[in-house]
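Student: My questions will all concern the structure given below.
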Amino acid sequence: MANLTLKNVGKTYAGGAQAAVSGVNIDIADGEFIVLVGPSGCGKSTLLRMVAGLETISEGEIHIGDRLVNQLDPAERDIAMVFQNYALYPHMTVRDNMAYGLKNRGESKAVIAERVAEAARMLELGPYLDRKPRALSGGQRQRVAMGRAIVRQPAAFLFDEPLSNLDAKLRVSMRMEIRKLQKRLGTTSLYVTHDQLEAMTLADRLVVLNGGRIEQIGAPLDIYRRPASTFVASFIGAPAMSLLDAVVTDGAVMLDGHPLGPVGRAAGPVTLGLRAEDLRLAPAGVPMVVEHVEELGAQRIVHGSIGGQSLAVIDTGDQRVSGAVHVAIDPARLHLFDTATGRRLENAHQRQPEAVL
Amino acid sequence: MTDTSLRTAASHRSLLDRLRAWHSAETPNPAKRVQFDAPLTPWLFLLPQLAVVVVFFYWPSVQAVTSSFYLEDPFGFGATFVGTDNYADALQSSQYASTALFTAFFCLVVTALSLGLGLLLAVKADKVIRGASSYKTLLISVYAIAPPVAGLIGMMIFDLHIGPLTDLAAFFGYDLQVGINYWDTAIALITISVWKQIPYNFIFFLSGLQSVPVSVREAALIDARSGWRRFRDVTLPLLAPTAFFLLVINITYAMFDTFPIIDVVVKDKPANNPITLVYKVYLDGFKGNDIGGSSAQSVILMVVVAALTVLQFRFLERRVHYG
């Protein structure tokens with residue numbers, strides 16, 4: 001158990017024109033669950049593998065606890081890693097898979113047996129201890145991989161998309177289990193995923209990465225409510241936030257010639273961000289042409305366009321929706337971004353909604 | 001126990017099936033059934049292959065077994081039934097015993113060295129990133145050399161007058177006399193045979209190494225600090241199917257396929273040179289014109305090889321893990 005510090009960390013591959021990761025600074029407190037999220041190729045796995053010691057660190061420093069680990073072997077870093085495809089040793093039993101790392105660290109047989117038994121109890125792996133991995137289901141293999149990490153009692157857990165190979169239902173239950181386990185053990189965790197839902201539900205703090213750089217760090221709800229850029233806005237939240245071109249004239253934001261509400265910004269073009277769940281169908285408002293409707297049961301997602309720009313609206317009503325409708329939004333829920341840089345523009349009229357819990 | 005039932009099911013599959021499944025790493029598809037109108041058509045298709053097998057394998061085998069019970073006239077005028085005398089002669093001859101002993105020694109050393117060096121080179125080549133393909137090509141290229149040519153090249157290197165290795169040995173004060181001194185010839189035979197076989201083992205070990213999943217190696221990297229331990233505990237067990245396959249192939253190679261090399265090295269040499277049992281079969285039969293005795297020896301060899309193969313599969317294969 002330890003805190004984890006990344007100082008100005010960067011990675012450039014030999015022959016690579018661009019840095020795969022650059023200028024990453026993260027301070028992770030002891031026991032914190034940090035999720036690295038971003039689209040594929042954003043450098044999140046590279047970053048995790050640099051912490052693990054599976055990739056060399058081109059620049060910057062990584063500290064685990066108070067040790068600088070840049071030059072240490074993976075086995076010396078006091079970490080445990082859970083891989084996407086489990087990476088179990090196929091020729092060893094479940095018990096040996098979990099015990100192998102401890103054996104190599106010279107732990108006594110009694111300690112190994114006790115820790116393996118404890119992990120097996122926690123993960124309900126007791127009946128399978130003498131089986132080989134090939135005789136286990138995907139979910140069970142995932143548990144063994146978790147067990148292998150737990151028995152080490154490391155300073156930090158590193159997860160590399162551990163749930164990607166499971167089916168949707170198992171993924172949800174394993175997600176909750178990982179979270180519970182981590183809370184119980186209180187081990188600092190770094191978790192990589194491309195699934196924004198997984199990221200939102202697991203993280204104490206989210207790190208959104210884009211092109212090897214950090215776009216935003218923050219609690220999941222903060223990021224959801226105040227995305228720092230159009231990239232984060234469109235990546236976090238489902239359906240994705242609709243981003244439209246709008247203009248500010250006379251202190252009000254105008255979409256397709258219709259005023260949406262007052263904003264404290266100077267006149268000029270802006271990028272307007274609208275969350276589907278903040279928009280509602282209304283008798284009066286901005287006219288929208290409905291293109292198609294996704295029926296989800298509890299709600300429906302209405303896809304339409306305003307002045308040729310597409311957007312999505314969540315509707316919980318039960319009337320049929322088609323043709324021309326009007327949409328309205330609380331002006332406090334408008335997100336404004338700089339058209340050129342994509343960075344968030346603070347809206348003086350926006351108030352912060354209180355957290356429900 | 002599910003594991004036991006899996007194992008029993010697996011042991012019903014023939015080795016060939018398992019090797020094939022292991023190489024293609026796919027679940028075997030059930031063969032497509034083709035119906036022929038005439039019942040003779042499938043046999044017609046099988047005929048060429050069957051003819052080859054019968055003419056070049058079964059017929060000579062039957063011939064060998066039959067003639068091993070006869071004493072044949074050297075000029076082919078007639079044969080006398082002598083029962084098991086040929087076998088008794090072979091087994092009681094001290095020359096046969098010493099040749100058998102040398103064959104066992106030769107097999108052991110050639111197999112161990114060519115497997116060991118092949119594995120060593122494969123492990124090292126697996127780590128090379130820059131220029132890997134040219135490195136691999138250089139190592140593999142030896143495999144393209146025909147055994148008699150390899151023997152000839154070896155003979156030149158070990159030649160008493162112009163051989164660079166003879167000069168090297170002389171530099172260190174050793175008088176290397178290949179073709180004259182028994183153990184010097186043995187060294188030459190072993191060196192050439194091993195050199196010829198390394199690339200074969202190298203190719204298989206390298207492909208075996210590359211089929212070990214990267215993430216499993218990385219997991220081992222986190223679990224164990226020492227590279228030797230990772231190799232012993234993770235890489236080597238995962239290479240076991242490859243190693244077992246190569247062990248069978250290498251023993252067969254050392255016993256039979258080294259014939260051309262031995263022939264080139266010891267042919268026309270004076271004195272008492274080491275030979276293997278297979279070469280002795282040829283010498284006694286075709287140089288000594290003792291067809292009966294040589295047939296008896298080849299039958300003994302057949303039995304030994306069969307026994308060896310059964311042993312290998314019964315006792316060694318159990319310890320091999322098939323992914």
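Student: Compute a Gaussian network model of chain B, connecting alpha carbons closer than 10 Å, and tell me which residue from B:Pro148, B:Pro39, B:Pro260 fluctuates the most.
Tutor: B:Pro39
Student: Take each of the peptides A:4-15, A:201-212, A:284-295, average the number of other beta-carbon atoms within 10 Å over its residues, and list them starting from the highest.
Tutor: On the way: A:4-15: 16.1, A:201-212: 21.1, A:284-295: 14.1.
The peptides rank, most packed first, as A:201-212, A:4-15, A:284-295.
Student: Next question, about the same structure. Report, in degrees rounded to the nearest 10, the 0 to 90 angle that the Cα long axis of helix A:168-185 makes with the longest principal axis of chain A.
Tutor: Taking the Cα atoms of chain A, the angle to A:168-185 is about 60 degrees.
Student: Want the number for B:Ser207 to B:Leu138: 0.36 nm per residue separation, take away the alpha-carbon distance, what's left?
Tutor: The span from B:Ser207 to B:Leu138 would gain 23.2 nm if fully extended.
Student: Further question on the same structure: Can you pull the one-decimal nm distance between simple spin-label points at B:Ser94 and B:Lys127, each 7 Å off the Cα toward Cβ?
Tutor: Distance between label points: 5.1 nm.
Student: Show which aspartates and glutamates lie in cross-link reach of B:Lys267 when reach means a straight Cα distance below 19 angstrom and same-chain residues fewer than eight apart are skipped.
Tutor: Counting by Cα, and skipping residues close in sequence, B:Lys267 has these aspartates and glutamates nearby: B:Asp159, B:Asp184, B:Asp257, B:Asp284, B:Asp290.
Student: Taking the Cα-to-Cβ direction at A:Ala266 and at A:Glu61 and moving 7 Å from each Cα, how far apart do the two end points lie in nm?
Tutor: Taking the two extended label points, one gets 4.2 nm.
Student: Aspartates and glutamates within cross-link reach of B:Lys136: Cα-Cα under 16 Å, excluding same-chain residues under 8 positions apart?
Tutor: Within reach: B:Asp126.
Student: Now for a separate question. Pulled fully out, how much extra length does the chain show between A:Ala219 and A:Arg105, if you take 0.36 nm times their separation in residues and subtract their Cα-Cα distance?
Tutor: Working: separation 114, 0.36 × 114 = 41.04 nm, distance 3.65 nm.
Using 0.36 nm per residue and subtracting the Cα-Cα distance, I get 37.4 nm.
Student: Treat the count of other C-beta atoms within 10 Å as a stand-in for reagent exposure and order A:Thr56, B:Thr276 from fewest to most.
Tutor: Numbers: A:Thr56 11, B:Thr276 26.
Sorted ascending by nearby Cβ count, the order is A:Thr56, B:Thr276.
Student: What nm distance separates the two modelled labels at A:Gln153 and B:Leu46, each placed 7 Å from Cα along Cα→Cβ?
Tutor: Each label point lies 7 Å from its Cα, and together they span 6.7 nm.
Student: Follow-up question, since we're still on this one. Restricting to bridges with both residues inside the protein assembly as shown, how much of the DSSP beta-bridge set is antiparallel, in percent to the nearest 5?
Tutor: Numbers: 61 of 80 bridges.
Around 75 percent of the beta bridges assigned by DSSP in the protein assembly as shown are antiparallel ones.
Student: Right, here's the next one. log₁₀ I(q)/I(0) of chain A at q = 0.08, 0.12, 0.13, 0.15 Å⁻¹, via Debye over equal Cα point scatterers, no solvent, to two decimals?
Tutor: Debye intensities relative to I(0), on a log10 scale: -0.50, -0.94, -1.03, -1.21.
Student: When the label point is put 7 Å from the Cα of B:Thr309 along its Cα-to-beta-carbon vector, which residues of segment B:265-280 have a backbone N closer than 17 Å?
Tutor: Inside the label zone: B:278.
Student: Among A:64-76, B:186-198, how do they line up by average Cβ neighbours within 10 Å per residue, starting with the highest? Walk me through the intermediate numbers first.
Tutor: On the way: A:64-76: 15.7, B:186-198: 23.5.
Highest-to-lowest ranking by the protection proxy: B:186-198, A:64-76.
Student: Distance cut-off 28 Å, Cα to Cα: go down the list B:Lys124/B:Lys280; A:Lys109/A:Lys132; A:Lys7/A:Lys183 and report the pairs above it. Can you show the working numbers first?
Tutor: Numbers: B:Lys124/B:Lys280 39 Å; A:Lys109/A:Lys132 21 Å; A:Lys7/A:Lys183 26 Å.
Over 28 Å Cα-Cα: B:Lys124/B:Lys280.
Student: Could you pull out every whole DSSP H run in chain B that spans at least 24 Å of Cα extent along its own axis and averages 0.5 or higher on the Kyte-Doolittle scale? List each step's numbers first, then the result.
Tutor: Details: long enough: B:94-127 (50 Å, 1.27); B:182-210 (41 Å, 0.79); B:291-311 (30 Å, 1.97).
Passing helices, by number: B:94-127, B:182-210, B:291-311.
Student: Right, something else. Calculate, in nm to one decimal, what B:Val149 and B:Asp167 gain on full extension: separation in residues at 0.36 nm each, minus their alpha carbon distance. Mind dumping the intermediate values first?
Tutor: Numbers: separation 18, 0.36 × 18 = 6.48 nm, distance 2.18 nm.
Extra length available between B:Val149 and B:Asp167 comes to 4.3 nm.
Student: Place the peptides A:337-343, B:220-226 in order of packing, highest mean first, counting for every residue the other Cβ atoms within 10 Å and averaging per peptide.
Tutor: Working: A:337-343: 14.7, B:220-226: 20.7.
Answer by packing, highest mean first, reads B:220-226, A:337-343.
Student: Right, something else. If you count, for every residue in A:73-81, the Cβ atoms of partner chains within 10 Å of its Cβ, what is the mean?
Tutor: Details: counts 6, 8, 9, 2, 1, 0, 1, 3, 6.
Counting other chains' Cβ atoms within 10 Å and averaging over A:73-81 gives 4.
Student: Please compute, for peptide A:86-93, the average count of beta-carbon atoms on other protein chains lying within 10 Å of each residue's beta-carbon. Could you put the intermediate results ahead of the total?
Tutor: On the way: counts 4, 9, 4, 8, 9, 10, 4, 1.
Whole-number average of other-chain Cβ neighbours for A:86-93 is 6.
Student: What aspartates and glutamates sit close enough to A:Lys169 to cross-link, taking a C-alpha to C-alpha distance under 19 Å and skipping anything fewer than 8 places away on the same chain?
Tutor: Straight-line reach from A:Lys169, under 19 Å: A:Glu124, A:Glu161, A:Glu177, A:Asp195, A:Glu198.
Student: For chain B, what does -39500 (n - 2.57) per DSSP helix run (n ≥ 4), summed and divided by total residues, give at 222 nm, in deg cm²/dmol to the nearest 500?
Tutor: -20500 deg cm²/dmol
Student: Treat every Asp and Glu Cβ in the protein assembly as shown as -1 and every Lys and Arg Cβ as +1, leave all other atoms uncharged, and give the resulting dipole magnitude about the Cα centre to the nearest 20 debye. Let's see the in-between values first.
Tutor: Details: 62 positive and 61 negative charges, 233 e Å.
The dipole magnitude comes to about 1120 debye.
Bear in mind these aren't lab numbers, they're just calculated from the coordinates by the rules spelled out. The shown structure was predicted, so the numbers you read here are calculated from the model rather than taken from an experiment. A quick note on method: Cβ atoms are made from the backbone with ideal geometry, for glycine too, and the neighbour counts reach across all protein chains shown.
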